[in-house]
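Contents: one structure, followed by commentary.
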Amino acid sequence: MSKEKIVLAYSGGLDTSIIIPWLKENYDAEVIAMAADVGQGEELDPLNEKAIKTGASKIYIEDLTETFITDYIYPTLKAQAVYEGKYLLGTSFARPIIAKRLVEIAEKEGATAIAHGATGKGNDQVRFELTVKALAPHLKIIAPWRIWDIKSREDAIDYATARNIPIPVSKKDNYSRDKNIWHLSHEGSELENPANEPIYDRLLQLSVTPEKAPDKATYVEIEFEQGIPVKFNGEKLPPIELMKALNKVGGENGIGIIDIVENRLVGMKSRGVYETPGGAILYAAHQELENITIDRDTAHYKSLVSQRFAELVYFGQWFTPLREALSAFVDSTQKYVTGKVRLKLYKGNITPAGVESPYSLFSEELCTFGVDAVYNQKDAEGFINLFGLPCKVQANMKKLNNIKD
């Protein structure tokens with residue numbers, strides 16, 4: 001009889017480098033690795049040899065970058081979803097696309113289980129496993145960090161060293177990083193104590209600090225069609241090239257660096273530094289365009305949807321009826337979010353420098369301080385009387401009953 005098959009989400013990093021031999025040592029199963037390219041900018045071909053040498057029977061290297069942008073980043077951008085006011089969800093929405101591909105490969109290979117390297121303390125375990133449960137509930141899930149005797153990254157390094165497994169970290173540079181075309185996250189080391197200032201000179205990889213950014217402002221122009229970015233500085237670019245161009249100019253100007261203590265789904269607080277140079281620019285530009293193309297009531301309600309959408313993404317609930325329903329609402333709001341936005345980038349700051357749209361709801365004729373013939377200011381009196389009627393009724397009741405606040 002052939003052995004059972006386990007499909008492992010494989011990155012070649014510290015955790016997944018030791019999981020292959022650990023699975024071989026603890027399960028009588030064939031291990032198939034899957035490395036996802038979501039635009040991390042690293043050469044993944046060497047993982048072929050590394051995965052096989054450490055015990056995998058085969059490895060899939062999947063380029064998911066463009067689908068990641070169009071099917072996960074853009075819906076989240078259109079929603080203006082931001083977790084806890086800062087985090088642009090770079091790791092969060094990369095997990096469901098990876099897990100979806102894991103499921104597809106598991107089905108193709110006739111595997112019975114999926115394994116991942118997420119820890120029992122983090123959010124990623126939830127994001128991977130909720131996707132598997134939504135798409136292939138019959139598959140078993142193996143999460144070594146919740147099973148094995150390894151208790152720390154130092155233990156993991158020792159495990160790898162004892163088996164001559166090459167790993168991309170050392171005990172001196174012990175950051176946990178996650179990178180894709182949208183962002184780069186940093187956790188661990190001095191960041192584990194919120195009292196410590198990040199050591200940015202050794203931390204940052206996509207950006208310079210604002211202090212080291214140019215002393216002259218950089219202007220960028222982004223054009224959107226129904227909420228989706230299509231042009232950068234007048235040039236129509238496909239999604240990957242557009243993101244790379246924005247990351248470059250954003251990184252050069254110190255844009256999109258955040259230091260956040262966030263509330264993980266599992267209940268603890270964690271601290272990380274995130275670099276999202278291009279993403280920060282897109283969010284700012286998209287918001288400026290929405291400001292002139294979406295009516296007040298829809299915009300105010302959409303802000304509530306944005307917060308809930310961010311929670312769903314962060315909590316790993318991408319493949320849920322609610323997320324899909326909220327995306328349908330968001331898509332309906334983007335019908336007229338078309339136009340050009342100009343931004344000024346200067347030492348970590350993004351400043352609006354002009355916005356235009358053929359569907360703009362802004363009327364200079366209505367809001368001018370000069371003479372106009374379309375707005376009768378006398379109408380405001382009746383409006384205020386009706387709008388303020390509840391206040392007046394409340395005040396009269398208090399006076400009648402001699403109630404003093």
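The values are calculated or read from the model by the stated rules, or taken from the named source; none is laboratory data. This one's a predicted model, so the numbers in the text were calculated from it and none came from an experiment. Positions of Cβ are backbone-derived with ideal geometry, glycine not excepted, and every protein chain shown enters the neighbour counts. Accessible surface areas use protein heavy atoms only, side chains included; no ligands, DNA or RNA. Shrake-Rupley method; radii C 1.70, N 1.55, O 1.52, S 1.80 Å.
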Name the residue that is most open to solvent (accessible area, probe 1.4 Å), counting only residues in the stretch 1-18 that are at pLDDT below 95 and under 28 Å from the mean Cα position of the chain (by Cα). S11
Selection from the stretch 315-327 of residues without any contact (Cβ under 8 Å) to a residue 60 or more places away in the chain and open to solvent by less than 60 Å² (accessible area, probe 1.4 Å) yields R323, A325
Can you go through E107, E30, E66 and tell me which one is out of contact with any Leu (no Cβ under 9 Å at 6 or more places or on another chain) and either assigned to a helix (DSSP H, G or I) or surrounded by fewer than 19 Cβ atoms within 10 Å (Cβ to Cβ) (or both)? E66
Within the stretch 173-185, is there a residue that is part of a loop (DSSP other than H, G, I, E, B), of a type in the set (F, W, Y) and within 24 Å of G55 (Cβ to Cβ)? no
I'd like to know if the stretch 362-376 contains one or more residues that are in contact (Cβ under 8 Å) with a residue 24 or more places away in the chain, open to solvent by 80 Å² or more (accessible area, probe 1.4 Å) and not small (G, A, S). yes
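For every residue, the table says whether it meets (1) farther than 22 Å from Y175 by Cα; (2) out of contact with any strand residue (DSSP E or B) (no Cβ under 6 Å at 6 or more places or on another chain).
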residue	(1), (2)
K3	yes, no
L8	yes, no
G13	no, yes
W22	yes, yes
E25	yes, yes
I32	yes, no
G39	no, yes
E42	no, yes
Y74	yes, no
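Determine if the stretch 305-314 includes at least one residue that is open to solvent by 70 Å² or more (accessible area, probe 1.4 Å), over 30 Å from E211 (Cα atoms) and not basic (K, R). Can you show your working first?
So the first thing to find is which residues in the stretch 305-314 are open to solvent by 70 Å² or more (accessible area, probe 1.4 Å), and the list is 307-308.
Now narrow it down to the ones that are over 30 Å from E211 (Cα atoms): 307-308.
Those still in the list that are not basic (K, R) too: 307.
Yes: the stretch 305-314 contains one or more residues that are open to solvent by 70 Å² or more (accessible area, probe 1.4 Å), over 30 Å from E211 (Cα atoms) and not basic (K, R).
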Regarding E187, is this residue out of contact with any Phe, Trp or Tyr (no Cβ under 6 Å at 6 or more places or on another chain), farther than 23 Å from E288 by Cβ and surrounded by 13 or more Cβ atoms within 10 Å (Cβ to Cβ)? yes
Return the pairs, sorted by first residue and then second, in which the second residue is among the small types (G, A, S) and part of a strand (DSSP E or B), the first residue lies in the stretch 139-160 and is free of Cβ contacts under 8 Å to residues at least 40 places away in the same chain, the beta carbons are less than 7 Å apart, and the residues are 6+ apart or on different chains. L139/A113; K140/A113; I141/A113
Keeping to the stretch 142-165, report how many residues are closer than 19 Å to A51 by Cα, of a type in the set (A, V, I, L, M) and not in a helix (DSSP H, G or I). 3
Working only within the stretch 255-269, note down all residues that are surrounded by fewer than 24 Cβ atoms within 10 Å (Cβ to Cβ), touching a residue at least 40 places away in the same chain (Cβ under 8 Å) and of a type outside the set (A, V, I, L, M). D259, E262, N263, R264
Is it fair to say V355 is open to solvent by less than 80 Å² (accessible area, probe 1.4 Å), touching a Pro at 6+ places or on another chain (Cβ under 8 Å), on the phi < 0 side of the Ramachandran plot and not in a loop (DSSP other than H, G, I, E, B)? no
Can you spot a residue in the stretch 221-230 that is closer than 30 Å to K121 by Cβ, at pLDDT 95 or above, outside any helix (DSSP H, G or I) and hydrophobic (A, V, I, L, M, F, W, C)? no
Given the options A299, A325, A310, name the one that is touching a helix residue (DSSP H, G or I) at 6+ places or on another chain (Cβ under 8 Å), in a helix (DSSP H, G or I) and over 19 Å from I69 (Cα atoms). A299
